[in-house]
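One structure is given here, and the rest of the page talks about it.
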Amino acid sequence: MNASAATVDIWLLVFPNFLLLDATGPVQVFSSANDEARDAGRAPPYRIHLVAAGGGAVTSSSGVALLAAPLPGPDLDGATLIVSGGRVEALPCAAQADGRVTLDWVADAGATAARCCSVCTGSFVLARAGLLDGRRVVTHWADVAALRGEHPSLTVMDDALHVRDGKFHTSAGISAGMDLALSLVEQDLGRDAALAVAKRMVLFLKRPGGQRQFSSELLAQSHPLGVSAQLTSWLRPRLAQPVDIGQMASACALSVRSLYRKLREEAGLTPAQLLARLRLEVACMLLEQPGMMVKQVARQSGHGTEYNLRRAFAAQLGVLPSQYQARFACTGRDD
């Protein structure tokens, strides 16, 4: 789509106890795109519809209610469907009458929509509707294990901002819904239009693919006296070197078994996963610097070879190092 193309309908689904920003964040992105178009003397590119089973006032988990229209017919040909998230136990499920109605509608509407998207735990709703089988997806970092357990056929990316698999777009926790919406605006209207919206909303322009949801530094700070902080501090200056589990355990004055157990309890990670995350973060930081070669990044981040670096990026972020570099590298421009 370009600036002169037909208006795109955005159908955003909410339900009782949805997360407010999961809905209002994307709505504001598309609304700001409309504002930008009006200011430039063009027709608004988006029509925004908030819908829910039964319609009416739908109360979010914060207590603020939004007025939604009833679910339309399931033929959303050419439209974009976005499902908001909420606490997993509050999401529509087949055991509830309204939940069954919602899931049936999502299954039919998602099959006909041009794009089918979710924000945060909205990925559970798409999966429960049978739309995501065998696909790569992302959800809120705290609910990754639950999504994997409930839907083992999915490939759940645990450290990406948003992921596209065909026409299906899933995004990570809460504010990532705005990043997803910006990427859709960029897909529809081009980078300049998305950048204008990002500037209007005082946001960073995040392009398709994604960055890590949260850093290992934040993880360590959440347990400043724990083994995750201790091991992170020991590993950082050694990331470019070969490191094995025995060395990590000795550095923490623990047995290998105790290190596994304590790190699992604190961070939900194995030592190898923490090491991989730290190396990936260093690789991302290096790729964001101008003039860095991928081969050089692989060596300095501890991945060793370009092949290993590509595998790590594909597995954890869903993009190639070269794609990440093209999207996030500093260019020296002010835009």
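The values are calculated or read from the model by the stated rules, or taken from the named source; none is laboratory data. This structure is a prediction, so every number in the text was calculated from the model and none was measured. Accessible surface is based on the protein model in full, side chains and every heavy atom, while ligands, DNA and RNA are left aside. Shrake-Rupley method; radii C 1.70, N 1.55, O 1.52, S 1.80 Å.
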| said: Using 5 Å bins from zero, what percent of all Cα-Cα pairs in the stretch 1-77 falls into each bin? | reply: 3, 15, 22, 20, 17, 13, 7, 2
| Nonlocal amide H pairs with residue 82, under 5 Å, H built at 1.01 Å | 11, 12, 13, 117
| message | Under 8 Å for C-alpha pairs, at least 6 residues apart: give me the relative contact order for the chain, rounded to a whole percent. | response | 13 percent
| Rg and Dmax of the stretch 164-207, Cα atoms, in Å? | 10.2, 30
| Per residue, what volume in Å³ does the Cα convex hull of the chain take up? | 144 Å³
| said: Contact order normalised by length for the stretch 234-314, with contacts defined as Cα pairs under 8 Å and 6 or more residues apart; what percent is it? | reply: 29 percent
| query | What full-extension length gain, to one decimal in nm, is calculated for residue 299 and residue 225 as 0.36 nm per residue of separation minus the Cα-Cα distance? | reply | 23.5 nm
| message | Quick one: the Cα spread of the stretch 109-199 along its three principal axes, in angstroms, biggest first? | response | 40, 29, 15
| request: Largest first and in whole Å, give the semi-axes of the stretch 229-335's equivalent ellipsoid, each being the square root of 5 times a Cα gyration tensor eigenvalue. | output: 29, 13, 12
| task | Quantify how much of the Cα-Cα distance distribution of the stretch 18-164 extends past 19 Å, in percent. | result | 54 percent
| field | Residues of the stretch 90-200: accessible area per residue with a 1.4 Å probe, Å² | value | 34 Å²
| request: Calculate what fraction, in whole %, of the accessible area of the stretch 153-193 sits on carbon and sulfur atoms when a 1.4 Å probe is rolled over the protein chains. | output: 47 percent
| remark: For the chain, the helices passing both cut-offs (Cα extent along own axis of 18 Å or more, Kyte-Doolittle mean at least -0.5, full DSSP H runs) are 20-39, 97-112, 176-189, 271-287
| query | Which three lengths, in whole Å and largest first, does the stretch 48-99 cover when its Cα atoms are put on their principal axes? | reply | 31, 25, 17
